[in-house]
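Okay, structure first, notes after.
Nothing in this text is a laboratory measurement; each read-out follows from the coordinates by a stated rule. Predicted model, so just to flag it, every value in this text is computed and none were measured.
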Amino acid sequence: REKDDKYKTWMPKFLMAKEDKDQRKSSDDVERNIFKVKKSNAEKIKKMENEEKVFRETFMYNKEINVINTATAECSVPSKRRVDLPVTAGEQLDVIDVTEGNTVICRNSEGRYGYVLVEHLNFR
């Protein structure tokens, strides 16, 4: 085996078959994909900022938003009120603030805010 590997013919990478060259993407295609990512990122950031603005108005929240802890939702719970955050089982939530009673203010991956009962969350 070692002798076979030793006498293998070496081919430079630039001597590729025409088929392989045609299959590669042109630089224009790559640039277009980069711009699509930036566009969707900008839209997502704008949506998150809008959600934060609505949250601050609805909850009259003037403090700085800091993530205290992360939690996982144990079960799916629909929202009963406008201020409640609907959660699905296994969803990752950022805990923003602790309130009086058994609720906490959470943010989901989409940037929406709302109250979630502590008994529906699993803290690590």
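How large is ³J(HN,Hα) for each residue in segment 104-109, as worked out from phi by the Karplus curve 6.51 cos²θ - 1.76 cosθ + 1.60 (θ = phi - 60°), to whole Hz, x for Gly and Pro?
Using θ = phi - 60°, the values come out as 10, 8, 10, 10, 8, 5 Hz.
Run the Debye formula on the Cα coordinates of segment 29-123, all scatterers equal and no solvent, and tell me log10 I(q)/I(0) at q = 0.11, 0.22, 0.25 1/Å.
Each listed q corresponds, in turn, to -0.37, -1.09, -1.32.
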